[in-house]
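Each remark here refers to the structure printed beneath this line.
No lab work stands behind these numbers, since they all come straight from the coordinates. Keep in mind the model is a prediction, meaning the values are calculated, not measured. Don't worry about glycine lacking a Cβ; one is built from the backbone with ideal geometry, like all the others, and counts go over all protein chains shown.
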Amino acid sequence: MKKNLFYLLSFVLLFSCQVDELEQSDSLNAVYSKSKKNNKDHKKDFQYVCHKLNIGNDWKFITLYLPPEAIEAHLDHGDELGKCPEDDSTDVNNENNGCNCSGNVTRLDLRYNGAEDAVISVMGTKGKKVLYKKHLSPGEMFVLEGFDRGGTLGSEIHLSVKGEENATIDTGCTDPNILGYTYGDFTIEGGSSLNGGEFCQGMVM
């Protein structure tokens, strides 16, 4: 009798464990499916923006394909939603585009989008040595030039506003197309890389 009871209890425990494993597996699959759905939904939020470039005294326009966090800054300084006219447009959402970042970044043209005047400071990869420090007004442009032996900005830079870290920008070209992206209070309006040259010709005004 005791032996039969032991077998019965063993069977119940085994069945219970299998049910738990199935429930956990279903939960993980649900989370994975939700994650994939969220990624697709986020991609749907990207929009085309017609971006103005001032090359000398000649205005040109390029079409950017940007995430929501980068769009507002562009609209604030005069860019428009939608693609540019075909005759002036150079679509930079192309992985084979010669404007793409390759090798470390050698120069960045940045716009400060903060709400008030502030002292902006920039530090290199290790976040210790100050490479740039200046008092800027909202909407003001500034340029960062390569500082290491190879004439690049290293693998990343740290930007602070009023002494508090505001943004970190990957300058190692992990993302080949960073033109138009906004990091904290700063938007990349132009620049160049070691192997890819200019992101796109001209400085945005």
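For region 112-142, a tally of residues being touching a residue at least 60 places away in the same chain (Cβ under 8 Å), farther than 13 Å from S160 by Cβ and not in a loop (DSSP other than H, G, I, E, B) returns 1. Given (1) on the phi < 0 side of the Ramachandran plot; (2) within 13 Å of the chain's Cα centre (by Cα), identify the lone condition not met by L153. All conditions pass for L153, except number (2). Being of a type in the set (F, W, Y) and in contact (Cβ under 8 Å) with a residue 40 or more places away in the chain is a condition met by no residue of region 144-158. Being acidic (D, E) and in contact (Cβ under 8 Å) with a residue 60 or more places away in the chain is a description that applies to E189.
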